[in-house]
Structures are given as C-alpha cells and as structure tokens.
Amino acid sequence: MAELRVETVERAVEKGNWQRFRESDFFYSFKRSPVAIVSFAVVCILVLSAVFAPLIAPTNPFDPASLNLMNGFTPPMEPNAFTGESFFMGTDDQGRDVFSTILYGMRISLFVGAAAVLFAMTLGIVLGLVSGYFGGWTETIIMRIADVQLTFPSILVAMLIFGIAKGFTPVEYRDQMAIWVLILAIGLSDWVQFARVVRGATLVEKRKEYVAAARLIGRSPWAIMVKHILPNALSPVLVIATISLALAIIAEATLSFLGVGAPPTQPSLGTLIRIGQGFLFSGEWWILFFPACTLLALALSVNLLGDWLRDALNPRLR
Amino acid sequence: MTAYVTVKGLSRVFDVSKPWLNRVLERRGKAFLTAVSEVDLDIEERTTYALVGESGSGKSTIGRMLVGLLRPTGGEVEVEGVNLDRETDRAKVAKVRGDIQMIFQDPYASLNPRWRVRDIIVEPVAVKSGDTEGLAERLLEQVGLHAADAGKFPHEFSGGQRQRICIARALASEPRLIVCDEPTSALDVSVQAQVLNLMSDLKEEFGLTYLLITHDLTVVRHMADRIGVLYLGRLVEEADPTTLFETPKHPYTQMLLNAAPRIDGFGREVDPPQGEIPDPINPPPGCAFHPRCPIARDICRQERPRIRPLGATRVACHLAE
Amino acid sequence: MTGPVLSIRDLSVEIPTRAGVVKPVDGVSYDIGRGEILGVVGESGAGKSMAGNAVIGLLNPPAHISAGEIWLEGARIDPLQGEAMRRLRGKEIGMVFQDPLTSLNPLLKIGDQLTETILTHLPVSREEAERRAIAALDEVGIPGAAQRIDSYPHEFSGGMRQRVVIALALCAEPSLIIADEPTTALDVSVQAQIIALLRRLCRDRGTAVMLITHDMGVIAEAADRVAVMYAGRLAELGPVREVLTRPQHPYTDGLMASTPLASQARNRLHQIPGSMPRLTDLPDGCAFHPRCPLVQAQCRQNPHPNIGKGRAACWFPLIERAAE
Ligand SMILES: Nc1ncnc2c1ncn2[C@@H]1O[C@H](COP(=O)(O)OP(=O)(O)OP(=O)(O)O)[C@@H](O)[C@H]1O
Ligand SMILES: Nc1ncnc2c1ncn2[C@@H]1O[C@H](COP(=O)(O)OP(=O)(O)OP(=O)(O)O)[C@@H](O)[C@H]1O
Ligand code: SF4
Ligand SMILES: [Mg+2]
Ligand SMILES: [Mg+2]
C-alpha cells in the first residue's frame, strides 16, 4: 500500500476557520476594495451607535420627564434662547434632541429592516428549497404565487398587508403591534427573490452527485435540503439579504413617512422625516435634514456593501 | 459461486412528454423513453461485472436502479436473494441496501464542497449512529491519502485524490457491492492507473463485488471478470473479457471494438462505422441495431432477438454464430 | 512554399495571479508541416489548449503571450491585434472545439452560417458561396447536404454538429486547423468517423492540423508527430510511432505503461506516483522530478531541461541510459 501514497502539499496543519478566512479570496478582494471598506465601516458605525444608543445619546427622547418644551426648535450648535442649552443637531418642536431621536429612530429602522429580511429570508429559503427539491405541483403553486406577487410593487403589497393586518388587530393594541405588523408586511412583500434564488440553486445542486450519495445512504429529504443543499445555496442568499436590508429600511421609512408605519410614540427614521418635513418651510431645516442624511447613509452603505458582495461571491467575475 | 445480484427483465421507462399545455397546443401525445429494456444479468460474488456501451445506452440507469436511486418500471432486482422492490420485511431491505454503495463519475460534483473530508467520509456511518471515532483517518490511509487530510475541504484536492475520498466514503459502511459509474472517466491516464489499482487492491482486501460502468473498453478489459455490452438499453452481448475481445459475436460489439482507438494502432485505417445511435424515444423495430448492421436480414427488422447462450457468450442477435 | 505551415518558437504564456505569475505555457517550440497532423497530448491543465489559443489570439486576459514567436506561412502573427487577427482566424486558421454548440450560432440556419463565413473571407458571389457551403457539408459527410442547409444546429445530433463545425472551419480553405479535443464529447463510433474525416481532409487538401487531445489512442491512429506536454512545457516531441513505442522521456514512458491495453489484459497497471503539480507551486529544476523514477541530483538543481537536438526534455533521456 505504501506505493499508493500520494504527496499532498501542506499537510498536518488543520487550518482554523479564522485562518482560512484570512487567506480566502473573499477577504483578499475585501482588502482591495476601498468602496467595500468604507461602506463596511459606515455600516458598522451606524449599527453600533444604534445598538448602544442608550449609552451614547445625551438624552432619552422617549422619557417625557427629561423633555423641556422650552428647548423646542433649538438650531444645531446654538444655545437655546431660553434655557441656554445647546444641541449638536438641534431639537424638534417638543424640545427633543434630534441627535438622540436619530439614534433611537435608527434602532427601530434597523430592527424592523433586519427582522423583516430575516423573516423574508426564512420564508423564501424554505419555499425555495421545497419547490426546487420536490418539483411538481408544489413547485408550480409556489412559483405561480411568486410570479403574481412580483407583478405588484412591493411597497403596495406591504401597504395592503399592513392595512389588512391592522384591521384585524384590536384598537388598544394597535400601537404596540404596529412594529410587528410592519415587519410582517415588509417581510411578506420580499420573500419572492429569496425563494427564486434558492430554488434556482437547489435545481442545480440537487443534480450533483453528492446529493445522490446522500440519498443513497438513506438521508431524509429534509436533512439533504438543510445540511447538503442549503450551505451551497447561501452565497447568493447573503447578497440578496444585504441588498434587501437596504430596501427594507427604505420601505419601512416610506411606510412610516406615509403614516402607516411606526407610530410617533416609537418614531423610526421614516417617522422622523415625516415629522421633519412639516417644519422644512418654516425654517427649521435640521429636523428633516439630519434624519434624512442618516437614512441615506445607512441605505447607501448597506447597498454598496451588497453590490460588492455580489461581485466578490460571483466566481465568474473573478 | 453464487449470484450475488440477479437482474431479471429489468426495464425503465421515462416520461419525457412536454408539459400538458404544449402537448395540447401542438397536438402531440405523451412521449416515453425506454432507457433500459428487459435486461437479464447475474453478478457473481467477489467479481467485477462491467457494463459498457455508448452514451445513452442505459448504463447509469441500470446502476441507479441497482442502488435504489431509481425504481424500475418493470422486472426485478434481487440482491443477496432479497427482492428489493417486493420484499415486505423492511429490516431485510435496509440490511441489503446498506451493503450497496456507489462511486460516481464527476469527482468535483460528488463531494459536498462545504463539508470537511472527515464529515463526508463518516456520513454513511453517522446517519446510522455508528461509531465514527478515527474512522475517516483509517479509511484515508487505506485509500492512500494521509490521516491529516481529514480536516481539509474537497477543493484542496486534485481529481484523483477526490476520487480516492469518494472510495473512502463508499467503504465507510463496509459494503459488499460497489456500483462504480465511470469512476475514472474524468481522470488523466496516469491518475486513472492509480485509482484502478487501488480498486483492485480493495476488492481483494475486502472481498468486494463491483458493478463497473464505463465506456472505455481498455479499462473494461483490464478490470472485468464479465462484460455486458449495452445498446439502446438492451443487453446485446455478455462474455468474459478474453472471449469478448477475441471473438466478439454481436455485430455491434465487433463494430465497437473496431472503432475504439488503440495506442498501438499507428496510422490504422478503419472503416468508420456507419450511422449513429437512433433516437431512444422511437427505437427501430426488431433488432435495435439493424439500421447500422452490415449483415441485417428481414427477420432483424421484424423480430426482437432474445438473448441466448452461444458457447461462452450470451448474445442477442438472430444471425450470430 | 516549402517551409512549415505553423512554426512556434519558444512560446510562453503568462497569467498574473494573486499567488504570483504562472506560466501555463513555458518555452514551447514546434512546427507543423503541410498536410501534417501534430498531436498535442498531456494531462488536464498541461497547457495544451492555452498553447492553441495563443496561436489564434484567443487568450482570455489577463493571460498573454510573454515571449516567443508564432509564424504562419512565413509571416509572423503573434503581434497581430483586433481586426487583423479576426480575419486571420477565419481565413487562415480554422478552429474546432470540444463542444460543437459553442461554435455554432443556435439562431442561424447552418447554411447561412457557412455562406456568411465564406463571403467574409473569400471574394465570391453569394450563389457561389452557397454552392461551396453545400459542397463543404457534402465533403464532411452530411447526407442530403442540399436539404440540410436550411436546418438549425439543434436539429442535428452531436456527431453531425461536429461535422458542421468542421465544415465551417474548412469552408474558407485555411492552411491550418486547430482542433481542441474535437471528439472528447462524442461516442467511440462517431469519434472514429470524425478522426477519419480529419485525416482525409488533411491528406486531400494539405491542411496542417493541430490535434489537441488527451487520448493516446486517438494520437496513435491520427497523428504523424506528437508533442507531449507536462506542466506547461514540452516533455517530448517526435514522430508518433517512435515516441509511443520507444519513449525517451520518463513521463511519456510512464504514461504509456499506465495506459490499459485493449489487446491484452495487464496484470497490474504501472502507476506514476502523485499528480501533476499546480502551476503555482512548480518544483525547481525539471518539473517532473518529484514523480520521476530516474531522478538524480542534477534534475533538481539544474534549470528545466530543453529538448535541444534530441527528442525529450530530460537530462537523462531513456536512449542514453540504454546505451550506457
Ligand atoms: N431522469 C431522466 N429523465 C428522462 N430521460 C432520462 C433520465 N435519465 C436518463 N434518461 C435517458 O435514458 C437514456 C439512458 O441514460 P443513461 O444515463 O443510463 O445512459 P448512460 O449509458 O449512462 O450514458 P452516459 O455514457 O452518457 O453516461 C438516455 O437516453 C437518457 O437521455
Ligand atoms: N485565469 C487563470 N489563472 C490561473 N491559472 C489559469 C487561469 N486560466 C488557466 N489557468 C491554468 O492554465 C493551465 C493550462 O490550462 P489549459 O486549459 O491549457 O490546459 P489543457 O492542457 O488544455 O487541459 P484540459 O485537458 O483540461 O483541457 C491550467 O493548469 C490552468 O489551471
Ligand atoms: S440481429 Fe440482425 S440486425 Fe441485429 S445485430 Fe444481429 S444481424 Fe445485425
Ligand atoms: Mg452514465
Ligand atoms: Mg483543454
């Protein structure tokens, strides 16, 4: 048997995951892309400041006790005429510090966006795997529903679902439930692309022989889908998830801006923009300007990151 | 010796119709493709049975039916005396299924790229919650790789090394029969020799039975104890290698042997064979080979020849002698 | 004209990659004469296709010719770019690839594809071009050529499509045909037909053919001379019968010994240990030395051997050893 031994280069050392990552093409292309680095940094800063908002924000805008109506309409970086307090980004009509409301608003925007994408992703992955793997009627039904849904603009679908769900929630819970309804609405309007991509990948992967090998040893369809096929279908899902996150944040802002989203008691960036636009023409520009910039920065950097990810994970472009 | 595998009248028909709406619009009926048609064969224990034939002759379909990836539409497969489709005792079927493994052609597609080699190799044992301690390392050494390779991912290996990993996975559940579907077709000659030698060694060591599927006649000559030649899903000739290569009886086998390039056939002028394999959806009536057969007569166009013994050979031809 | 149709001198192709510059073709030289079939064999990744693509200027960037010269009919063609190269490609050099579908436009009738090609490259009228298209199809053995010119590629079987591709490669009457694994995707019986066709065309028209394949049997039957490639370099170059029956390079020798024979069963196949190194970590000295049974210190220390006057790129070709 000795003569059969094959020399393999670099043996003995089993590489850890971190080391593998550091040596990967993926990390290499990240290091070489300024756009990716900058947008990744911006996303990190925004997400971290949203997560740690209670530590960073100078005031808690939702604590009525800390509010002073006298501080209303303070321009940025100028002392208030009555109280002499000054605010980095100014205050709104109720004297809330805009900077703090943005931090807290971003929390809600990000939470809704991420939860909606997670929901859409889970739903899309499951339906995509099932329709791709089993085919037949299951596939026909799922993909027809997907096709039909694609013909409507997703914001319309979200508004429809939001409206229906709102009709079913008792009035006293409406404000509490609004966030969850929002997540459901955005998530349901967004699962189609996940399902399509996962179905496509499943159709390719299920023909490969490692799947036949797994069937042969008696693995159940679920085990094959989840353990074998899914890991190989994840890279496009990751790309879509990132781009969807940007879209979901904007969708949430749009809904909130239209007044059908997050309630004023839990203002998201969209709600803040809606409130702010009322003051634009009376000269208090900062109430609109800063939330809008934050939304732009957040959505843009997430989107750029997603674009880069698509190129980096697409082997044909390398 | 006893027949380890007995295949009787095995057939497989695929429904290759267009979708319902297209059929209605184009006024076409359903279309069926007979990939395997009434194949009879026995595989003796501890031997290598080779199936040869050109592309689309139904080799892989037979292999897939044997391991249970496909269900036959007719006929039966008996392994260790257990009829895999009719046996009602599930434990018996599971036992026999566990004794059969498969090696595939494409060494790149047959290993899950996201799994470590260790997990790939022990999967057949792990699903039955068997003991996997040190198993992968032991098997890797057995197929000529290093124990330390267990922690790597498939992309770190060459094609030949991957095929060794596939063999290690097939060996993990201690099978008795391994169906090898073109195990070396994707490999270079020098690596093919390594893999074929390894397969021979393992056969001796573990008393394995092989069903070797390939289109490469030289590999067949080297490896097989018995050879079955397929044409359009039908078994047309079966013999031991020496008999088949030296005195082929069926006109198709003769044509195939003549057409295969030889490394010692310098400047050989062959009369290239006529025609191509017909459409399997509408196979010719009678003997499927008759449109290309140089000696065909009327009976060949009308009646399908049954496979019959002829000396040391079994042949399905009206005129062979 | 007497000289060779194609002459490649010290051709090198480089690809800059993350892990450094790799050379999939490194200092390769060979000639192909009129009416000659040169077989190019080697393992997958040996650089066979890369060398062929370099000749027709079809290297995918960032791969590029880094050194050497390519002469076609006495004219140097490696510096040609763009339009000049494109004209040359259809007119002087015909191409046949492994997958016939990639060479045919699925949306055009094959007759139109042939006629267009002829009109682009030859100064003839449309009627004459059509007549020649039918003649070309006839020549490659498509039955009922006059009727089939109105068919689309998908209406043909794999073997027939490959014939159409050959007709397409031939119709502008090139002096060189590069056939990259023309029969790998086809069945044995069809392969025999295609090889017989190539040989006949080569003999009747005096076309030079570069036949790239990894099948030693095809080389033995079809080629006049053979170039064995290993890791981007030529290992051995010579008349096919000589090289295959009395190989001088240990790699060719091992290759022949590890090929199973149809004429008799060998007990156990000879095997060359290991596999071809990746281009990114080629060993120093002779690229074959880690697998070579005859390796000496010299093989590891000296630079890669050249073929020079002999047949094999080896410090110890098998011929000398036999004589010692
Ligand atoms: N799932 C399927 N659906 C429809 N037709 C099929 C299917 N699988 C195989 N076939 C057809 O059955 C015939 C036999 O196929 P099979 O794969 O068994 O051939 P093979 O001898 O293994 O050929 P190859 O050498 O190309 O692997 C072919 O005509 C093929 O097109
Ligand atoms: N973009 C690239 N970057 C790095 N290496 C490359 C690239 N493209 C090709 N190569 C390498 O170039 C070498 C030559 O490839 P080529 O296609 O010429 O091989 P071949 O001899 O034709 O093999 P085959 O028989 O598989 O067709 C291969 O080893 C391949 O890995
Ligand atoms: S049965 Fe007739 S047609 Fe068929 S192979 Fe024999 S002689 Fe030829
Ligand atoms: Mg097959
Ligand atoms: Mg190639």
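Observations, loosely collected:
- Filter result (away from every other protein chain (no Cβ under 12 Å) and either more than 15 Å from ligand 4 (Cβ to nearest atom) or β-branched (Val, Ile, Thr) (or both)) within segment B:200-228: B:Lys203, B:Phe206, B:Gly207, B:Leu208, B:Thr209, B:Tyr210, B:Ile213, B:Arg226
- Filter result for the condition that a residue is over 30 Å from B:Arg116 (Cα atoms), modelled with pLDDT under 85 and crowded, with 17+ Cβ neighbours inside 10 Å, over A:Leu269, A:Leu247, A:Leu280, A:Leu258: A:Leu269
- Cross-chain or 6+ apart pairs with Cβ under 7 Å, segment A:35-46 first and under 12 Å from A:Met106 (Cβ atoms), then assigned to a helix (DSSP H, G or I) and open to solvent by less than 80 Å² (accessible area, probe 1.4 Å): A:Val43/A:Ser301; A:Val43/A:Val302; A:Val43/A:Leu305; A:Leu46/A:Met106; A:Leu46/A:Ala297; A:Leu46/A:Leu298
- Counted residues, segment B:109-124 - those being among the polar types (S, T, N, Q) and either within 12 Å of B:Arg164 (Cα to Cα) or more than 7 Å from chain A (Cβ to nearest Cβ) (or both): 1
- Residue that is most open to solvent (accessible area, probe 1.4 Å), among those in segment B:90-133 that are in contact with a helix residue (DSSP H, G or I) (Cβ under 9 Å, 6 or more places away or on another chain) and acidic (Asp, Glu): B:Asp131
- Here B:Ala186 clears all of (1) within 16 Å of ligand 4 (Cβ to nearest atom); (2) farther than 22 Å from B:Met255 by Cα; (3) out of contact with any Pro (no Cβ under 8 Å at 6 or more places or on another chain); (4) aliphatic (A, V, I, L, M) except the condition numbered (3).
- Residue, farthest from the other protein chains (Cβ to nearest Cβ), within segment C:219-236, restricted to residues that are crowded, with 24+ Cβ neighbours inside 10 Å and assigned to a loop (DSSP other than H, G, I, E, B): C:Gly232
- Given (1) open to solvent by less than 40 Å² (accessible area, probe 1.4 Å); (2) hydroxyl-bearing (Ser, Thr, Tyr); (3) within 29 Å of C:Asp253 (Cα to Cα), number of the condition B:Ser185 does not satisfy: (1)
- Tally, over segment A:97-128, of residues that are open to solvent by less than 20 Å² (accessible area, probe 1.4 Å) and among the hydroxyl-bearing types (Ser, Thr, Tyr): 3
- Cβ separations smaller than 8 Å between residues 6+ apart or across chains give the following pairs from segment C:46-75 residues that are on the phi > 0 side of the Ramachandran plot to residues that are hydroxyl-bearing (Ser, Thr, Tyr) and away from ligand 1 (no atom under 16 Å from the Cβ): C:Gly68/C:Ser12; C:Gly68/C:Ser29; C:Glu73/C:Ser175.
- B:Gly265 fulfils the conditions (1) within 9 Å of another protein chain (Cβ to nearest Cβ); (2) within 17 Å of B:Ile307 (Cα to Cα) except for a single criterion, (2).
- Identity of the residue in segment C:12-26, at pLDDT below 90 and small (Gly, Ala, Ser), that ends up farthest from ligand 4 (Cβ to nearest atom): C:Gly20
- Conditions (1) within 25 Å of C:Glu181 (Cα to Cα); (2) in contact with a Ser or Thr (Cβ under 9 Å, 6 or more places away or on another chain); (3) open to solvent by 20 Å² or more (accessible area, probe 1.4 Å): number failed by C:Arg132: (1)
- Output for segment C:275-318, where each listed residue is within 14 Å of chain B (Cβ to nearest Cβ), within 23 Å of C:Val243 (Cα to Cα) and part of a helix (DSSP H, G or I): C:Pro290, C:Arg291
- Candidate set: segment C:203-215, residues that are surrounded by fewer than 24 Cβ atoms within 10 Å (Cβ to Cβ) and under 22 Å from B:Leu257 (Cβ atoms); chosen: the one farthest from ligand 3 (Cβ to nearest atom): C:His214
- Hey, A:Pro221 modelled with pLDDT of 90 or more, open to solvent by less than 70 Å² (accessible area, probe 1.4 Å) and touching a Lys or Arg at 6+ places or on another chain (Cβ under 6 Å) or not: no
- Any chance A:Pro231 is open to solvent by 20 Å² or more (accessible area, probe 1.4 Å), more than 14 Å from every other protein chain (Cβ to nearest Cβ) and without any contact (Cβ under 8 Å) to a residue 24 or more places away in the chain: no
- Flag for C:Arg200 being without any contact (Cβ under 8 Å) to a residue 12 or more places away in the chain and either in contact with a strand residue (DSSP E or B) (Cβ under 7 Å, 6 or more places away or on another chain) or open to solvent by 20 Å² or more (accessible area, probe 1.4 Å) (or both): yes
- Residues that are open to solvent by less than 20 Å² (accessible area, probe 1.4 Å) and either part of a loop (DSSP other than H, G, I, E, B) or more than 16 Å from ligand 5 (Cβ to nearest atom) (or both), drawn from segment C:178-190: C:Pro182, C:Thr183, C:Ser189, C:Val190
- Cβ-Cβ under 8 Å pairs, at least 6 apart or on other chains, segment C:79-100 side in contact (Cβ under 8 Å) with a residue 12 or more places away in the chain, far side open to solvent by 60 Å² or more (accessible area, probe 1.4 Å) and part of a helix (DSSP H, G or I): C:Gly90/C:Thr120
- Here is the figure for segment B:61-79: residues that are within 10 Å of ligand 4 (Cβ to nearest atom) and open to solvent by less than 10 Å² (accessible area, probe 1.4 Å) total 2.
- Top-ranked residue of segment B:169-190 - restricted to ones that are of a type in the set (A, V, I, L, M, F, W, C) and at pLDDT below 90, ranked as nearest to the chain's Cα centre (by Cα): B:Ala186
- Strands (runs of 3 or more DSSP E) contained in segment C:1-120 and holding at least 2 residues within 14 Å of chain B (Cβ to nearest Cβ): C:37-42
- Considering segment B:64-91, the residues that are free of Cβ contacts under 8 Å to residues at least 60 places away in the same chain and assigned to a strand (DSSP E or B) include one that is nearest to B:Arg12 (Cα to Cα), namely B:Asn83.
- Meets criteria (of a type in the set (Ser, Thr, Tyr), surrounded by fewer than 19 Cβ atoms within 10 Å (Cβ to Cβ) and either within 30 Å of B:Thr184 (Cβ to Cβ) or within 9 Å of ligand 2 (Cβ to nearest atom) (or both)) for C:Ser44: yes
The values are calculated or read from the model by the stated rules, or taken from the named source; none is laboratory data. The shown structure was predicted, so the numbers you read here are calculated from the model rather than taken from an experiment. Don't worry about glycine lacking a Cβ; one is built from the backbone with ideal geometry, like all the others, and counts go over all protein chains shown. Accessible surface areas use protein heavy atoms only, side chains included; no ligands, DNA or RNA. Shrake-Rupley method; radii C 1.70, N 1.55, O 1.52, S 1.80 Å.
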